[in-house]
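A quick write-up on the structure given underneath.
The values are calculated or read from the model by the stated rules, or taken from the named source; none is laboratory data. Everything numeric in this text was worked out from a predicted model, so none of it was measured. Heads up, the Cβs are rebuilt from the backbone with ideal geometry, glycines too, and the neighbour counts pull from every protein chain shown. For the accessible areas, the whole protein counts, side chains as well, though only heavy atoms, and no ligand, DNA or RNA atoms are used. Shrake-Rupley method; radii C 1.70, N 1.55, O 1.52, S 1.80 Å.
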Amino acid sequence: MSLPAVVPAPVSIEAATGAPFPLTPDTVVSGDADAASALRALISARTGASRATGSGTEGTGIELRIGGGGSAESYTIAVSEASVVVTGTDAPGLFYGVQTLGQLITRADDGWAIPAVAIDDAPRFAYRGVMLDVARHFHDVATVKAYVDRAAGLKYNALHLHLTDDQGWRLALDSRPELVEKASASAVGGDPGGFFTKADYREIVEYAAAHHMIVVPEIDVPGHTHAVGLAYPELVEEPVITDHIREIARDYGGELPVNGVPYDGMAVGFSSLKIGEEATYDFLADVFGELAAMTPSPYIHLGGDEALGTPAEDFAVFVERASAIVADLGKTPIAWHEAGAATGIDDSTIGQFWGFVTPTDGMDDKARAFVANGAQLILSPADAIYLDMKYPTGPEQGLTWANGPTSVERAYSWEPSDVIAGIDDDDILGVEAPMWSETIRSLDDIDLMAFPRIAAAAEAAWSPSTRDSDLRTWESFRARVGTLGPLWTSLGIGFHPSEEIEWAAE
């Protein structure tokens, strides 16, 4: 008896004997109101009709309940011909159980049904993130909310927003209004910019919370700060123009960066805040302080990557002071792995590794420094789960610097505990799949580049390790993810129909 296809792979799934549960207009959904609303929306999208609209005790039933003594975010599903019971240890667990149930809905000879099955599931890692870069190209509230919908359906629980970069500043702050007044209008390629008002940001935070996701805002410093200089020229150094910067301008277009002039190119590493100026730290105190007050999640990301225009000694001083400012606000700092080189970094700082699956150039040493301090790592290997990388075949969109185009198989075939020697599950807070937006202009672009590779990253974040589950193989994943094509289509997700996958027909 074949198993129903679920992505990400659950801890345990067993096909039960007996007929499937029939899904009809008389089906009653009872129990937790929020979960019931989410399930009805999934059923409607999947089947294209109003089903599970029964009321009272008539008809067969789907029961959604919170209870039991499992681990955080865990759930069980029991399906028979007579009933469906989804039990979450907590509200997030029940929500994830509903997402799994939505994947189980299949077309039957006489309508729609849910196969008889027993599932017991819980996440491997506490932090399961997606990142959306709204700085290189701005993406509005509606687009961000749509991405939350998509990510939550794959059991992600964190949305990392890259809010600032050389091309633009995307969040209005009362303490520093000049940032959006003077530094938000530009984007890569001369495209329109934009920014979130505080009300916009609050709407995103609340929408994410309703989908059991936190928002992790990133203010990228001390590099990636050309836009800051449009508003506060006294805070930034002159751009450091190298041969590499000239090559990027030649190959991808755009002018070389000039202080005080909006930058719409794709080069990185040329900008820096002034490390020795106290005004720089007054600026950070204002920005991080206001951001902390707006952000319920425990994390604020301070960037720290690609500060190629900042001398190493200055970088270490800056990271020490910036991480302390965030920590003193009661937030846990997150920084890209380069910040691990700063010996004075606040000990609570989480490191985010964006190096390759096989680390190069001492990236792993910098990442291990966070663990040596008693903190943990988020893994975002660029040559596996940077979702903006080109596919080997398909659209011309995307970049290739992370070891060339990234296939779906390569996005899947890595094991988090094997990336950095000496780092095991206890040292890993989680996995995050970034979407950088140099070539990403719309929700359609996001869908095309993210799906199906975002599902591969979700499995690395949620499912048991490759050593602990028979389902954690490329052949299993490609078969399971292929069955999700009709569901994604019904949800309006314009995924890339990769030739690596045998996609199910409805």
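Can you tell me the relative contact order of region 319-451? Whole percent, Cα pairs under 8 Å, sequence separation 6 or more.
Answer for region 319-451 is 21 percent.
What base-10 log of the normalised intensity I(q)/I(0) is obtained for region 143-280 from the Debye formula, alpha carbons as equal point scatterers, at q = 0.17 Å⁻¹?
Results for region 143-280 at q = 0.17 Å⁻¹ read -0.94.
Report the gain in length on full extension from Q397 to A72: 0.36 nm times residue separation, minus Cα-Cα distance, nm rounded to one decimal.
That pair, Q397 and A72, stretches by 113.2 nm at full extension.
Any idea what the relative contact order of the chain is, in percent, if you count C-alpha pairs under 8 Å spaced at least 6 apart?
Worked out over the chain, it gives 14 percent.
Where the accessible area of region 335-450 is counted over protein heavy atoms with a 1.4 Å probe, how much of it, in %, is carbon and sulfur?
About 48 percent, which is the carbon plus sulfur part of the accessible surface.
May I ask you to derive the FRET efficiency for E206 and T489 from their Cβ-Cβ distance with R0 = 25 Å, giving the value to the nearest 0.05?
0.30
In region 311-351, if every C-alpha pair distance is counted and binned at 5 Å from zero, what percent goes to each bin?
Histogramming region 311-351 at 5 Å steps yields 6, 30, 37, 19, 7, 1 percent.
Taking only Cα atoms, what is the 0 to 90° angle, nearest 10, from helix 243-252's long axis to the longest principal axis of the chain?
Computed tilt is about 50 degrees.
Ranked highest first by the average count of other Cβ atoms within 10 Å around their residues, in what order do 222-230, 323-331, 450-458, 117-125 fall?
Answer by packing, highest mean first, reads 222-230, 450-458, 117-125, 323-331.
Run the numbers for D425 and E313: contour at 0.36 nm per residue of separation, minus the present Cα-Cα distance, in nm.
37.1 nm
Quick check: pseudo-label points 7 Å beyond the Cα along Cα→Cβ at V258 and A372, how many nm apart are they?
So the two model labels end up 4.5 nm from each other.
If you take the beta carbon distance between A45 and A126 as r and set R0 to 25 Å, what does 1/(1 + (r/R0)^6) give as a FRET efficiency, to the nearest 0.05?
0.30
For the cross-link pairs K331/K390; K182/K366; K198/K331; K145/K331; K198/K390; K182/K331, which exceed 26 Å when the distance is taken from alpha carbon to alpha carbon?
K331/K390; K182/K366; K198/K390; K182/K331
Report the FRET efficiency, 1/(1 + (r/R0)^6), for T24 and T473, where r is their Cβ-Cβ distance and R0 is 30 Å, rounded to 0.05.
For T24 and T473, the calculated efficiency is 0.25.
Could you please report the charge total around G355, scoring K, R as +1 and D, E as -1 over all other residues with beta-carbon less than 10 angstrom from its beta-carbon?
Net of charged neighbours comes to -3.
What is the packing order of peptides 277-283, 19-25, taking the mean over residues of other C-beta atoms within 10 Å and listing the highest first?
By packing density, highest mean first, the sequence is 19-25, 277-283.
Measuring with a 1.4 Å probe in the full set of protein chains, what accessible area per residue, in whole Å², belongs to region 281-407?
Here the residues of region 281-407 average 35 Å² of exposed surface.
Need one number: convex hull volume per residue for the chain, Cα atoms only, in Å³.
For the chain, the hull spanned by Cα atoms encloses 137 Å³ per residue.
Before I look further, what does region 84-174 give for accessible area per residue, probe 1.4 Å, in whole square angstrom?
21 Å²
Principal axis lengths of region 64-132 from Cα atoms, whole Å, largest first?
Largest first, region 64-132 extends 41, 33, 16 Å along its Cα principal axes.
Taking every pair of Cα atoms in region 297-420, average 1/r, invert it to obtain the Kirkwood radius, and report Rg/Rh to two decimals.
Checking Rg against Rh, the ratio lands at 1.02.
Taking Rh as the Kirkwood radius, which is the inverse of the mean 1/r over Cα pairs, what is the Rg/Rh value for region 164-207?
Ratio of gyration radius to Kirkwood radius for region 164-207: 1.01.
Alpha carbons only, please: Rg and Dmax for region 385-506, in angstrom.
14.6, 46
What is region 77-207's relative contact order, in percent, from Cα pairs under 8 angstrom and six or more apart in sequence?
Worked out over region 77-207, it gives 21 percent.
Between the helical axis of 453-462 and the dominant principal axis of the chain, each derived from Cα atoms, what acute angle in degrees is found, rounded to the nearest 10?
Value to nearest ten degrees: 80.
Carbon and sulfur together cover what percent of the accessible area of region 28-169 at a 1.4 Å probe radius?
48 percent
What does the highest-first list of 84-91, 292-299 look like by mean Cβ count within 10 Å?
The densest-packed peptide leads the list: 84-91, 292-299.
At 0.36 nm per residue, minus the direct Cα-Cα distance, what do D109 and E238 gain on full extension? Give it in nm, one decimal, please.
Taking 0.36 nm per residue and subtracting the Cα distance, the gain is 39.6 nm.
Can you pull the one-decimal nm distance between simple spin-label points at V141 and E14, each 7 Å off the Cα toward Cβ?
Placing both labels 7 Å along Cα→Cβ, they lie 4.8 nm apart.
Mind pulling the angle between the C-alpha long axis of helix 91-104 and the longest principal axis of the chain? Nearest 10 degrees, somewhere in 0 to 90.
60 degrees
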